[in-house]
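A short write-up of the structure that comes next.
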Amino acid sequence: MSMIRDLRAAVRPSLRKNNAPYSAYDTTRDPSASSAVVDCAVYRDGRRLATPSTPTPHEAMLQVREEGGFAWIGLHEPTEAEFAGIAREFGLHPLAVEDAVHAHQRPKLERYDDTLFTVFKTIHYVEHAELTATSEVVETGEVMCFTGRDFVITVRHGGQGSLRALRHRLQDDPELLAKGPSAVLHAIADHVVDGYIAVAESVQDDIDEVEIDVFSTPAKGSPRGSDAGRIYQLKREVLEFKRAVSPLLRPMQLLSERPMRLIDPDIQKYFRDVADHLARVQEEVLGFDELLNSILQANLAQATVTQNEDMRKITSWAAIIAVPTMICGVYGMNFDHMPELQWKYGYPLVLGVIGVVCFSIHRILKRNGWL
């Protein structure tokens, strides 16, 4: 820990100088013209400033420093080289930059000097005509958000979770957007959690479908226990959902409860609502996991019962067949003095005895539920 603190102390002075690039992200071309930039705009008093063309991150930041407001820069899967210039321009911490570029991070909230770094896992429900043992139920992505006093930088990974509609919706609410970067951070958090709620409803429908199939009478020729693959696949998808939801609860509680310089007090109240919704989703996801465990156990128990029933039937028929096998085995011995050998009704009598005994055993086993 002391080594990390020393490293951070060493790099902080260079973060405030635009002419001190990160050696790990150096590039020979102009990083501000990154192809990963989806949108870049300056907002003042809750309204987007009109410009002839989309400004570069460098131009947007110069305008903010000269005229006020804040810049919102959106990127999609930037490379190290593409993110280098932006990292230098806004003084982003190297550890946060590394996380934003390489993705696959756990949802979290970290503070680096005057910048908040927040990681969200986005969840998208994959529509499917029928749930199978190989169906993909949820698809994950990531949204990283750098929040400063006069800027917001969003980095998105994955094909889902576009923030374009969210940006347009915020631009239609100047009063909220006038609260600054913290309003954008709240809108992103609310957008992600709303997505969780929608996905939870769809996953609930899949679980209900599997539950009905498990506890209903199986179709002819469909053995009990054939749903285990579907249940296990659904459980894996729910686990992926859980990994996105559970770690995010603590950061949302911190944003809603702990005063922060970068979070407007009026916006902090809205984070409480997001935290409440997230807590509800977490309870649902935990319930999904427990319910799937119960369904899987019930399915395996049904398969075991079915196997036991089959074994009882096999054993019953073996007991019935044992009677003629035993009698015929006795009369197959080559002894001179055996009962009824010389009697002309001996053969029909033996057949009759075999039939009566087998019928009696069958009736007994049938009455006891073995057949």
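Quick notes on this structure:
- Meets criteria (in a strand (DSSP E or B) and either of a type in the set (Ser, Thr, Tyr) or open to solvent by less than 60 Å² (accessible area, probe 1.4 Å) (or both)) for residue 86: no
- Scanning the range 316-327 for any residue that is in a helix (DSSP H, G or I), within 33 Å of the chain's Cα centre (by Cα) and crowded, with 17+ Cβ neighbours inside 10 Å turns up nothing.
- Restricting the first member to the range 354-371 and to residues that are within 20 Å of residue 310 (Cα to Cα), and the second to residues that are assigned to a loop (DSSP other than H, G, I, E, B) and open to solvent by 40 Å² or more (accessible area, probe 1.4 Å), the beta-carbon pairs closer than 9 Å and six or more apart or on different chains are 362/371; 364/370; 365/371.
- Filter result (among the charged types (D, E, K, R), under 24 Å from residue 107 (Cα atoms) and either in contact with a Leu (Cβ under 6 Å, 6 or more places away or on another chain) or in a helix (DSSP H, G or I) (or both)) within the range 153-174: 164, 167
- Tally of residues being modelled with pLDDT of 80 or more, within 24 Å of residue 307 (Cβ to Cβ) and not basic (Lys, Arg) across the range 195-233: 11
- Pairs where the first residue, in the range 225-244, is open to solvent by 30 Å² or more (accessible area, probe 1.4 Å) and in a helix (DSSP H, G or I) and the second is at pLDDT 90 or above and aromatic (Phe, Trp, Tyr), C-beta under 9 Å, 6+ apart: 235/288; 242/288
- Residue within the range 140-163 that is surrounded by fewer than 16 Cβ atoms within 10 Å (Cβ to Cβ), among the aliphatic types (A, V, I, L, M) and either touching a helix residue (DSSP H, G or I) at 6+ places or on another chain (Cβ under 7 Å) or free of Cβ contacts under 8 Å to residues at least 40 places away in the same chain (or both) present: no
- Just one of the listed residues (139, 110) is part of a strand (DSSP E or B), touching a His at 6+ places or on another chain (Cβ under 6 Å) and more than 28 Å from residue 47 (Cα to Cα), and it is 139.
The values are calculated or read from the model by the stated rules, or taken from the named source; none is laboratory data. It should be emphasised that the depicted structure is a prediction, and the values quoted were computed from it without experimental measurement. Because the Cβ atoms are built from the backbone with ideal geometry, glycine has one as well, and the counts that use them run over all protein chains shown. Each accessible area value is taken on the protein alone, full model and side chains, heavy atoms only, with ligands, DNA and RNA left out. Shrake-Rupley method; radii C 1.70, N 1.55, O 1.52, S 1.80 Å.
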